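Presented below is the structure to which this report refers.
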Amino acid sequence: QVQLVESGGGLVQPGGSLRLSCAASGIIFRIYAMGWYRQAAGKERELVAIITDVGSTNYADSVKGRFTISRDSAKNTVYLQMNSLKPEDTAVYYCTAEVRTTVVSGRSDYWGQGTQVTVSS
């Protein structure tokens, strides 16, 4: 019913920048929170940043001051601007969205397929 498609991942040198995008499509009545998680090899998935439908944001301590989350509600799209990247930021980054598909349905969480970010010289 709802698809999330991420883009913008890739290989970048330490200190570099990347911008991830995630567009939601399908049967959507309203999107509430949108966010980014990441999972490094051999580790559990962790929250990176989240933004509510009114613009409130929350970040993992490890990315505060370096990453910025934003959204374009008209386009059902969330972004993650990543600056001053470090090798420890290497992971698969997943987009998530809390969506109500109809006026009478409850909220459900949807996930993208993930995009690889590799920080290496």
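Per-residue surface analysis assigns residue 86 an accessible area of about 80 Å², computed on protein heavy atoms at 1.4 Å probe radius.
State in Å² the accessible area per residue of the chain; use a 1.4 Å probe, count heavy atoms of protein chains only, and round to the nearest integer. List each step's numbers first, then the result.
Values: 6300 Å² over 121 residues.
Here the per-residue accessible area is 52 Å².
For residue 120, project a label point 7 Å along Cα to C-beta. Then give me every residue of the stretch 8-40 with its amide nitrogen under 15 Å of that point. Of the residues in the stretch 8-40, 10-14, 40 have backbone N under 15 Å from the label point off residue 120. Among beta bridges identified by DSSP and lying wholly in the chain, the antiparallel ones come to about 95 percent. Largest to smallest in accessible area, the residues 27, 50 fall in the order 27, 50 (1.4 Å probe, all protein chains included).
For the chain, the Kirkwood estimate of the hydrodynamic radius, built from every pair of different alpha carbons, is 14.5 Å.
Once both labels are positioned 7 Å from their Cα atoms along Cα-to-Cβ, the gap between residue 84 and residue 107 label points is 3.1 nm. For 29, 67, the ranking by accessible surface with the largest value first comes to 29, 67, using a 1.4 Å probe.
How big is the accessible area of residue 46 in square angstrom, nearest 10, if you roll a 1.4 angstrom probe over the protein chains? Approximately 80 Å² for this residue. Along each principal axis, taking the top coordinate minus the bottom one, the Cα set of the stretch 1-57 gives 40, 24, 21 Å in descending order. Accessible area of residue 68 (1.4 Å probe, protein heavy atoms only, ligands and nucleic acids ignored): about 70 Å². Here the spin labels are modelled as points 7 Å beyond Cα on the Cα-Cβ line, and at residue 70 and residue 29 they lie 3.1 nm apart.
The values are calculated or read from the model by the stated rules, or taken from the named source; none is laboratory data. Predicted, not measured: the structure shown is a model, and the values here were computed from it. Methodologically, a virtual Cβ is constructed for each residue, glycine included, from the backbone with ideal geometry; neighbour enumeration extends over all protein chains shown. Quick note on the areas: whole protein, heavy atoms, side chains included, nothing else; ligands and nucleic acids left out. Shrake-Rupley method; radii C 1.70, N 1.55, O 1.52, S 1.80 Å.
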